[in-house]
Amino acid sequence: MASYRSISSSSDQYSKLSSQIRDEFKSIASAANSSLDAKLRWAEELEERIVKRVLSGSRLILVGSSTNMFGFKHSDCDLTVVTKERFVSETECLRKIESALKPHRRRFDVEVFIS
């Protein structure tokens, strides 16, 4: 009978732990979704106000940790520019975007990295 109690007690502990883990995941997922929504809105605004004007027909896509729940509220945003043109100079593309962002530095705190 004593062994049955210890198994039952262990089962209760695992159940409680599972519940705590599930609750923590839900909390993190909720915060991540809120952060993702804000970053998606920011990327859409950046696309509409800057990218489409500088690179007609282009799209800006949020990628990286911001989209897979590994990012946090204050994590950086990785963005990919997709153009209609088949061959585009990456450096030229990024320099155009960077130049168009200069008047909007207060709204779009962006660093352009060219490798």
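For the range 41-115, with only Lys/Arg (+1) and Asp/Glu (-1) charged at the beta-carbon, what is the dipole magnitude about the Cα centre, in debye rounded to 20? Don't skip to the answer; put the middle values down first.
On the way: 14 positive and 12 negative charges, 63 e Å.
Using only the charged Cβ atoms, the result is roughly 300 debye.
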Anything over 28 Å Cα to Cα? Flag those among LYS16/LYS39; LYS26/LYS84; LYS39/LYS96, in the order listed.
LYS16/LYS39; LYS26/LYS84
Residue by residue, what Karplus-based ³J(HN,Hα) values in Hz, rounded to whole numbers, does the range 78-91 have, using 6.51, -1.76 and 1.60 with θ = phi - 60° and x for Gly and Pro?
8, 10, 10, 9, 10, 10, 6, 5, 6, 10, 10, 5, 4, 4
Cα-based reach from LYS102 at 19 Å (exclusive), listing lysines while leaving out same-chain residues under 8 positions away
LYS52
Any aspartates and glutamates with Cα under 14 Å of the LYS73 Cα? List them, leaving off those in the same chain fewer than 8 positions away.
ASP37
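Give the peptides 62-72, 15-25 in descending order of average Cβ contacts within 10 Å, highest first. Mind dumping the intermediate values first?
Details: 62-72: 14.9, 15-25: 10.1.
Highest mean packing first, the order is 62-72, 15-25.
Taking 8 Å as the Cα distance limit and 6 or more residues as the minimum spacing, I'd like the relative contact order of the range 2-104 as a percentage.
Values: 72 pairs, mean separation 24.0, N = 103.
RCO, the range 2-104: 23 percent.
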In order through the range 45-61: 3J(HN,Hα) via Karplus (6.51 cos²θ - 1.76 cosθ + 1.60), integer Hz, x for Gly, Pro:
5, 4, 4, 5, 7, 10, 4, 5, 6, 7, 10, 3, x, 8, 10, 10, 10
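We did not get these values from a lab; they are worked out from the coordinates using the rules stated. Here the structure is a predicted model, which is why all the values come from computation and not from measurement. Note that we place each Cβ from the backbone using ideal geometry, even for glycine, and neighbour counts take in every protein chain shown.
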